[in-house]
Amino acid sequence: MKANELMIGDWVMDGKNIAQITSITCDGIIETTFNESSYIEVIEPICLTLEILEKNGFYYGYTSSEEDLASNTIAQLSEEDKGWVWDEGNGEIKVMFPNESDGGMITIDDQGFDRRMAFIFSENIYVHELQHAMRLCGIEKEIEL
């Protein structure tokens with residue numbers, strides 16, 4: 001990883017310990033909730049998993065926006081449309097992991113008609129990348145590990 005890929009509050013592995021970034025200096029010194037001084041070389045990303053999503057209140061299904069669209073139009077939802085959803089009324093997040101035929105996708109919507117983002121990926125996605133995308137869309141959800 002590079003220091004410019006991180007933000008304060010990001011979840012990472014500091015050595016073998018899960019920690020949040022508390023400070024980043026120009027010379028690559030990272031402070032975390034585990035260690036007051038770590039070099040960027042020992043900081044590793046944490047893969048986003050189903051277990052992490054479930055722990056943070058995500059469920060497998062459709063967003064309320066998708067269900068509203070299907071009930072008010074002729075659109076139909078299928079099993080392929082399901083993903084891991086967090087939908088709290090002041091924002092919605094949907095994570096669809098890659099499978100053998102398709103890449104993965106994260107959609108984030110602030111539900112305020114101001115910010116919506118779709119992010120497509122083919123390899124692992126990391127917790128800190130989801131945190132960055134949520135911040136860009138103004139979603140104030142704290143991820144817990």
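Read-outs: derived from the displayed coordinates by stated rules, not from any lab. Because the structure is a prediction, the values reported are computed rather than measured. Here the Cβ is made from the backbone with ideal geometry for all residues, glycine too, and neighbour counts use every protein chain on show.
Checking residue 40 against (1) more than 30 Å from residue 107 (Cβ to Cβ); (2) more than 22 Å from the chain's Cα centre (by Cα), which test does it fail?
Only one criterion is unmet by residue 40, namely (2).
What's the number of the only condition in (1) loosely packed, with under 15 Cβ neighbours inside 10 Å; (2) within 28 Å of residue 2 (Cβ to Cβ) that residue 129 fails to meet?
Only one criterion is unmet by residue 129, namely (1).
Can you give me the number of residues within region 77-106 that are in contact with a helix residue (DSSP H, G or I) (Cβ under 6 Å, 6 or more places away or on another chain) and either touching a residue at least 40 places away in the same chain (Cβ under 8 Å) or assigned to a loop (DSSP other than H, G, I, E, B) (or both)?
Here the count works out to 1.
Hey, could you check region 50-76 for residues that are part of a helix (DSSP H, G or I) and of a type in the set (A, V, I, L, M) and say which is surrounded by the most Cβ atoms within 10 Å (Cβ to Cβ)? Outline the logic, then answer.
Pass one, region 50-76, residues part of a helix (DSSP H, G or I): 50-55, 64-72.
From what's left, of a type in the set (A, V, I, L, M): 50, 52-53, 69-70.
Working: 50: 12, 52: 18, 53: 22, 69: 13, 70: 14.
Checking each candidate, the answer is 53.
Any idea which of 102, 87 is under 15 Å from the mean Cα position of the chain (by Cα), over 16 Å from residue 11 (Cβ atoms) and surrounded by 12 or more Cβ atoms within 10 Å (Cβ to Cβ)? Lay out the reasoning, then the answer.
Working: 102 fails: under 15 Å from the mean Cα position of the chain (by Cα).
Result of the check over 102, 87: 87.
Just checking, which of 108, 120, 93 is loosely packed, with under 15 Cβ neighbours inside 10 Å and aliphatic (A, V, I, L, M)?
120
Quick check on residue 135: is it under 26 Å from residue 6 (Cβ atoms), free of Cβ contacts under 8 Å to residues at least 60 places away in the same chain, out of contact with any Lys or Arg (no Cβ under 6 Å at 6 or more places or on another chain) and surrounded by 13 or more Cβ atoms within 10 Å (Cβ to Cβ)?
Numbers: under 26 Å from residue 6 (Cβ atoms): yes; free of Cβ contacts under 8 Å to residues at least 60 places away in the same chain: no; out of contact with any Lys or Arg (no Cβ under 6 Å at 6 or more places or on another chain): yes; surrounded by 13 or more Cβ atoms within 10 Å (Cβ to Cβ): yes.
So residue 135 does not fit the description; no.
Report yes if some residue within region 3-11 is loosely packed, with under 12 Cβ neighbours inside 10 Å and free of Cβ contacts under 8 Å to residues at least 24 places away in the same chain; otherwise report no.
Initially, region 3-11 is screened for residues loosely packed, with under 12 Cβ neighbours inside 10 Å, giving 4, 8.
With the extra rule that they be free of Cβ contacts under 8 Å to residues at least 24 places away in the same chain, the set shrinks to 4, 8.
Yes, some residue in region 3-11 is loosely packed, with under 12 Cβ neighbours inside 10 Å and free of Cβ contacts under 8 Å to residues at least 24 places away in the same chain.
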